[in-house]
Amino acid sequence: MPTRRPHLLALLGAVVALMPGMAIGGSVDARMTATIPAPEAPEAPGRTQPSPPPASIAQLKSGLDALAASDIAVARNARDSLPATSLDRHILAWAIALYGGDKVPSGEIADAAKMLPGWPGTIPLR
């Protein structure tokens, strides 16, 4: 039997090492640590506060929301109010062509396919 005792002690040591709660002796006192303030992130010199998102993001969101509600006219207005070379306009044109359904004329779908070569899903549109 003396050979089993070292294995038992090794097993007990492994359990204690793998369970930090047992090794520390309990959990954290929530009342004691609740009053400790969280540290503020240090401000980097010359760093400014993030600016609000540009208006084009709001237009993109409203256009996508209109498209989700099957209001193609509002989605087109949102797309047409964006600059011609902006990514947001391309995203809306792509989404209208793919998800506008029968409310989008074939000429508009063909224009979107020409404007967005290589975009996902535009090959079947041609």
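A short reminder: the numbers here are calculations on the coordinates, not readings from a lab. Computed from a prediction, not measured in an experiment: that's the story for all the values here. As a convention, Cβ positions derive from the backbone with ideal geometry for all residues, glycine included, and neighbour counts pool all protein chains shown.
Restricting attention to segment 72-126, report how many residues are free of Cβ contacts under 8 Å to residues at least 24 places away in the same chain, within 23 Å of the chain's Cα centre (by Cα), surrounded by fewer than 17 Cβ atoms within 10 Å (Cβ to Cβ) and within 18 Å of Ala58 (Cβ to Cβ). Before the answer, list the steps.
To start, the set of residues in segment 72-126 that are free of Cβ contacts under 8 Å to residues at least 24 places away in the same chain comprises 73-74, 76-81, 84-85, 87, 89, 93, 102, 105-114, 117-118, 120, 123-124, 126.
Now narrow it down to the ones that are within 23 Å of the chain's Cα centre (by Cα): 78-79, 87, 89, 93, 120.
Next, only the ones that are surrounded by fewer than 17 Cβ atoms within 10 Å (Cβ to Cβ) stay: 87, 120.
Right, trim to within 18 Å of Ala58 (Cβ to Cβ) and you get 87.
Of the residues in that region, 1 qualify.
Look at (1) closer than 21 Å to Ala66 by Cα; (2) out of contact with any Pro (no Cβ under 7 Å at 6 or more places or on another chain); (3) not polar (S, T, N, Q) and you find that Ala110 fails only one, number (1). Can Trp119 be described as assigned to a helix (DSSP H, G or I) and touching a Phe, Trp or Tyr at 6+ places or on another chain (Cβ under 7 Å)? No.
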